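The values are calculated or read from the model by the stated rules, or taken from the named source; none is laboratory data. What you are looking at is a predicted structure, and each value in this text was computed from that prediction instead of being measured. Glycine also receives a Cβ, built like all others from the backbone with ideal geometry; neighbour counts cover every protein chain displayed.
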Amino acid sequence: MNSIREDHHEVRLVRHPDGGLRESDLEVVGAPMPVMRPGCVLVRTTHLSIDAAVRLRLDPVSPPGYLPAFAPGDVLAGLAVGVVVESDAAGFAPGDVVQHAQGYRTFAVVDPSDAALGGAGSLTLLDPALAPPEVHLGLLGGTGLTAWAGLHAVAAIRPDDTVWVSAAAGAVGSVAAQLARLHGCRVIGSAGGPEKAAHLVDRLGLAAGVDRRGDLAAAMAAAAPDGIDVYFDNVGGDHLRVALDLMRPFGRIALCGAIDGYDDGAAATPDNLFLATSKNLTLRGFRAGAFADRFDEARAELAALWRSGDLELELAVHHGLDAAPRAIVDLLAGRNTGKCVVTLDA
Ligand SMILES: NC(=O)c1ccc[n+]([C@@H]2O[C@H](COP(=O)([O-])OP(=O)(O)OC[C@H]3O[C@@H](n4cnc5c(N)ncnc54)[C@H](OP(=O)(O)O)[C@@H]3O)[C@@H](O)[C@H]2O)c1
């Protein structure tokens, strides 16, 4: 099992990016087959989730309190779906379809007791009859659960709320925006470029779509003349500043992410944060794994909405592990619409 096998490849960090990530900062290399360990499961990856947050671990130091940074030579990690090849763990058998958090490699040896990503990335048996792997990885996995947790557990949305979702054409954002709309909220989405802004209205059915590349403050004020009750923040920086200005008294902000600063330094801290005090706002950061005890409830709702066709999962699919570096770079540049997935099956 320790010989070099042509079919085992890994995505490794070559060097920490100097500014924005370049494809050449990563490499896809052949490597020795991972060695099976007692109590573990050997999984062949079929689908890899590309998530914005992987960028946070590519700098020499990751943000305080977050997952550790990768060192040059390290294999990247991320959520993935695969098929069990060999099992020494109760409850898992060859042929089972599973999700785990050791993506970015063709084969992975996964310890079922490892509560990766605070439980959101633990080895989990999937039901292939329920939904295809992309849907398990997206809507029913980290993406959908993050959107659900941010809206319900963190922001406690109500049907009469006006909700702004930023990066609303992306994976988490597009699910959050649709979920809030289905809950009866008036939803404004923002995204990069006029085509994406139109897409938010035409395809996702939002009340308004705002192009973040224009005058964001003016466009948001026009889209929400009476202010907003909830801001689902995927971006931070200038977006959070505009949201603070627009919040109604006692509004809620779910701090999901701050992609504005991921690829080229920290997102700017808003200079109007005192509005949180003067307007009695609630700002709450969260990681989806903190709500693992509600994942069954969330998955049931997300699955029902997906099966009924009310909730759509848009996909940005790349083929082959070799495409993973490009997929990350594209996502950070906003060249994806919907959930970005790399498929590894031929
Ligand atoms: N808290 C959690 O548990 C959790 C879990 C998963 C993800 N997240 C967060 O959710 C957010 C979205 O992640 P994702 O994986 O779903 O990625 P995604 O939304 O599919 O892709 C990222 C999108 O962000 C937008 N973007 C990139 N740079 C930007 C900038 N400087 N300003 C504004 N928008 C920018 C781009 O869209 P446009 O060009 O169209 O704007 C891009 O498509 C991230 O902040 C991530 O960290 C949080």
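Out of 37, 105, 44, 15, I need the residue that is charged (D, E, K, R) and touching a Phe, Trp or Tyr at 6+ places or on another chain (Cβ under 7 Å). Which one?
44
Mind checking which residues of the stretch 328-337 are buried (at least 22 other Cβ atoms within 10 Å of the Cβ) and either more than 7 Å from the ligand (Cβ to nearest atom) or without any contact (Cβ under 8 Å) to a residue 60 or more places away in the chain (or both)?
328
Out of 286, 291, which single residue is among the aromatic types (Phe, Trp, Tyr), at pLDDT 95 or above and within 11 Å of the ligand (Cβ to nearest atom)?
The unique qualifying residue is 286.
Checking residue 208 against (1) within 12 Å of the ligand (Cβ to nearest atom); (2) among the small types (Gly, Ala, Ser); (3) on the phi < 0 side of the Ramachandran plot; (4) surrounded by fewer than 24 Cβ atoms within 10 Å (Cβ to Cβ), only one condition comes out false. Which one?
Status for residue 208: all satisfied but (1).
Evaluate the stretch 260-274: report whether one residue or more is touching a residue at least 40 places away in the same chain (Cβ under 8 Å), crowded, with 16+ Cβ neighbours inside 10 Å and touching a helix residue (DSSP H, G or I) at 6+ places or on another chain (Cβ under 6 Å).
Taking every residue of the stretch 260-274 in turn, at least one turns out to be touching a residue at least 40 places away in the same chain (Cβ under 8 Å), crowded, with 16+ Cβ neighbours inside 10 Å and touching a helix residue (DSSP H, G or I) at 6+ places or on another chain (Cβ under 6 Å).
Can you give me the number of residues within the stretch 200-218 that are touching a residue at least 24 places away in the same chain (Cβ under 8 Å), under 24 Å from residue 275 (Cα atoms) and not basic (Lys, Arg)?
Here the count works out to 2.
From (1) surrounded by fewer than 21 Cβ atoms within 10 Å (Cβ to Cβ); (2) within 16 Å of the ligand (Cβ to nearest atom); (3) among the aliphatic types (A, V, I, L, M), pick out the condition that doesn't hold for residue 89.
Failing condition for residue 89: (2).
Is there any pair with a first residue in the stretch 133-161 that is under 30 Å from residue 82 (Cβ atoms) and a second that is part of a loop (DSSP other than H, G, I, E, B) and within 11 Å of the ligand (Cβ to nearest atom) whose Cβ atoms are under 6 Å apart and which are 6 or more apart or on different chains, and what are they?
Partner pairs satisfying both residue conditions: 142/79; 142/120; 150/256.
Looking at 78, 95, 82 in this structure, which one is surrounded by fewer than 16 Cβ atoms within 10 Å (Cβ to Cβ) and touching a residue at least 12 places away in the same chain (Cβ under 8 Å)?
One residue alone meets the criteria, 95.
Can you tell me which residue is nearest to the ligand (Cβ to nearest atom) among those in the stretch 177-195 that are touching a residue at least 60 places away in the same chain (Cβ under 8 Å) and crowded, with 24+ Cβ neighbours inside 10 Å?
That would be 191.
Just need a number here: residues in the stretch 240-256 that are within 16 Å of the ligand (Cβ to nearest atom) and of a type in the set (D, E, K, R).
2
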